[in-house]
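No value in this document is a laboratory result; all are computed from the given coordinates. Note that this is a predicted model, so its numbers are computed, not measured. Cβ atoms come from the backbone with ideal geometry, glycine included; neighbour counts cover every protein chain shown.
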Amino acid sequence: MSNVNVVMNQAAAASVTPVWGWDLSYAYYDPPESLTWDLSNSAFVSRQFSVSSQTTSPVGVFFKPDGSKMYVLSNAVPQGVKEYNLSTNWDVNSAVYVQALTTSTQDTSPSSLFFKPDGTKMYITGKTNDRVYEYDLSTAWDISSASINQNFSVSSQDTNPNGIFFKPDGTKMYVTGWTGQDLNEYDLSTAWDISTASYLQNFSFSSQDTAPRQISFSPDGTTMFMVGITNDRIYQYSLSTGWDISTASYIKLRSISSEEANAWGLFVSSDGMYLYTTGSSSDYVNQYALGLFSIQAQESDANGLSFKPDGTKMYIVGRSGDDVNEYALTTAWDTSTASFLQAFSVAAQETTPHDLFFKPDGMKMYIVGQTGDDVNEYSLSTAWDVSSASYSQAFSIAAQEINPQGLFFKSDGAKMYVCGSTGDDVNEYNLSIAWDVSTASYSQAFSIAAQDTDPEALFFKPDGTKMYILGGAGNDVNEYTLSTAWDISTATYSQAFLVGSQGNSPRGLFFKEDGTQMFITGGSQSNFHTVTSYTISV
């Protein structure tokens with residue numbers, strides 16, 4: 001989990017009684033660790049920040065460890081570093097420009113930057129003099145307090161240095177070279193003092209990219225990312241011995257050419273949850289989420305999701321396959337342990353399925369769709385086995401909503417709820433026979449337009465005293481309190497939790513039965529095939 005978010009949540013909760021579950025003020029992005037630091041589980045989240053108002057040709061990017069500050073290195077006149085504050089940690093869309101530091105006195109062609117973890121030192125590589133420059137900051141993370149300390153020549157290894165990275169304890173330095181198409185490793189006998197650096201060895205990138213730029217390592221030094229400008233790709237490497245580049249081997253790649261055609265900078269948060277790139281073609285800092293569980297092999301346009309109550313099965317309905325995909329989880333509620341089992345087509349009833357719901361015993365399944373504007377009911381002869389499903393009947397909701405997106409039932413099956421983007425509301429129905437949609441009758445509606453004009457999904461706390469709406473317009477989950485359980489006319493808005501940093505097009509919503517975990521399907525642009533996990537606790 002993100003240490004930053006944990007600290008923030010603990011601080012926020014210090015003066016209140018601890019709360020576990022169902023309170024979105026204690027929610028934070030918390031993917032399984034096995035999914036972080038892996039390019040296969042990444043997605044561009046439509047988070048882009050333009051630095052063009054301050055500079056052009058951004059070649060480097062770096063963040064304060066808590067994600068509250070961002071630094072961009074520019075190769076355009078006047079060359080130097082731009083500092084930004086982020087009102088929402090790690091969200092580049094919340095960046096606000098603060099100040100600049102000109103570094104052209106040292107080098108007129110800077111190529112990358114790095115900060116000591118406490119913010120008291122900054123390092124910049126320069127291609128004019130083929131050196132690494134070390135700056136002291138008298139006030140941590142405040143570039144206006146920076147002064148040049150010393151420099152270190154890397155010309156014996158490469159005459160065109162680009163990226164720079166340090167081992168967290170400052171005893172190793174890594175510099176990429178464009179001339180040698182490689183990565184050079186140095187030992188520092190005195191931590192963070194580049195004057196004590198001695199060359200050790202190199203690792204060639206030429207088989208992957210002939211113009212390597214910035215690199216980033218996982219905290220244990222066993223995973224390395226490199227961004228290359230030849231093909232505008234990020235490459236992933238595994239090191240069998242942490243921090244020893246002689247043990248590195250190429251694993252996989254991810255193209256970023258759709259976002260940046262001249263990639264230079266790369267930064268990955270230490271928890272492996274966020275990745276950022278920058279380049280000189282767009283003058284943007286682009287944000288990516290890591291730690292996402294991909295179901296693209298089965299569904300590229302995922303919508304609704306559901307879990308078996310014990311968390312050992314997951315179900316996703318999507319519009320590219322018009323089917324329900326069933327997964328088994330070897331560890332309950334841990335999506336990283338999910339494996340695909342089978343699929344059940346609903347195309348005969350609905351070609352635009354948007355959400356699904358299961359009866360608590362797994363003997364019935366319901367699909368809401370935008371082609372028929374109805375709720376389709378299926379019976380399962382074997383509980384929780386979608387291959388045993390058979391169509392029963394449907395109930396039209398067209399009189400209330402012609403663009404239905406979310407579906408939910410009261411725990412006893414006596415009420416049904418549908419949200420949609422035409423009315424921007426939640427519609428409540430009574431069922432005279434529990435779980436039989438043919439007996440449904442419209443009761444009332446509750447508008448959520450003040451919070452979101454594109455409600456994608458909805459969910460209720462098991463006792464019916466809280467309602468959650470996933471908003472496609474605000475990229476958030478909106479929480480409501482109901483003074484009378486299951487009666488939406490008594491709902492009042494409480495708060496919202498932003499999910500845009502993991503994807504700008506959320507689709508499906510589900511909570512663990514105790515409210516301590518939340519799952520969202522969706523993505524951004526063409527990446528509508530991920531499942532994101534959040535924790536809700538103090």
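Under a 5 Å amide H cut-off, with hydrogens placed 1.01 Å from N, residue 233 pairs with 228, 256 among residues at least 5 apart or on other chains. Our coupling estimate for segment 158-163, obtained by passing each phi through the Karplus curve with A = 6.51, B = -1.76, C = 1.60 and θ = phi - 60°, is 7, 9, 8, x, 10, x Hz, Gly and Pro reported as x. Each residue of segment 491-508 was assigned a 3J(HN,Hα) from its phi angle through the Karplus expression (A = 6.51, B = -1.76, C = 1.60, θ = phi - 60°), giving 6, 10, 5, 10, 6, 9, 10, 6, 10, x, 6, 9, x, 8, 9, x, 10, x Hz with x at Gly and Pro. In terms of overall dimensions, segment 361-463 has a Cα radius of gyration and Dmax of 13.5, 43 angstrom. Shape of segment 293-536 from the C-alpha gyration tensor: rounded (a/c under 1.5, with a ≥ b ≥ c the square roots of its eigenvalues). Principal-axis analysis of the Cα atoms of the chain puts helix 3-13 at an angle of about 60° to the longest axis. Amide H contacts of residue 321: 300, 301, each under 5 Å away and 5 or more positions distant or on a separate chain (H built 1.01 Å from N in the peptide plane; Pro and chain starts excluded). The C-alpha atoms of segment 241-362 occupy a region whose extents along the principal axes are 52, 36, 21 Å, arranged from largest to smallest. Only Cα sites of segment 28-157 enter the Debye sum here, all with the same form factor; the resulting log10 I(q)/I(0) across q = 0.12, 0.23 1/Å is -0.51, -1.36, listed in q order.
Taking a straight line from the alpha carbon of residue 415, these lysines sit under 29 Å away, with near neighbours fewer than eight places off in the same chain left out: 308, 313, 359, 364, 461, 466, 512.
For segment 212-302, taking Cα atoms only, Rg and Dmax work out to 13.9, 41 Å respectively. Each Cα pair under 8 Å and six or more residues apart adds its separation to the average, and for segment 216-315 the resulting relative contact order is 17 percent. Converting phi to 3J(HN,Hα) with the Karplus coefficients 6.51, -1.76 and 1.60 and the offset θ = phi - 60°, segment 263-279 yields 6, 10, x, 8, 8, 10, 4, 5, 8, x, 9, 10, 10, 10, 10, 8, x Hz in sequence order, with x at every glycine or proline.
Site pair residue 196 and residue 34 shows an inter-label distance of 4.1 nm when each label is modelled 7 Å from Cα along Cα→Cβ.
A simple spin-label model places pseudo-atoms 7 Å from Cα toward Cβ; at residue 128 and residue 444 they are separated by 7.1 nm. Extension gain, residue 473-residue 207: 0.36 nm per intervening residue step, less the Cα-Cα distance, totals 91.4 nm. A helix-only calculation puts the chain at -500 deg cm²/dmol for mean residue ellipticity at 222 nm, using -39500 (n - 2.57) for each DSSP H run of at least four residues, averaged over all residues. Contact order for the chain, expressed relative to its length and based on alpha carbon pairs under 8 Å spaced 6+ residues apart, stands at 13 percent.
Close amide H partners of residue 127, meaning residues 5 or more places away or on another chain with modelled amide H under 5 Å apart, are 109, 111.
The structure shown yields P(r) over Cα pairs in 10 Å bins from 0, in percent, and of the options (1) 3, 14, 19, 23, 21, 13, 5, 1, 0, 0; (2) 3, 16, 23, 22, 18, 11, 5, 2, 0; (3) 4, 18, 26, 21, 15, 10, 5, 1, 0 that calculated value carries the label (3).
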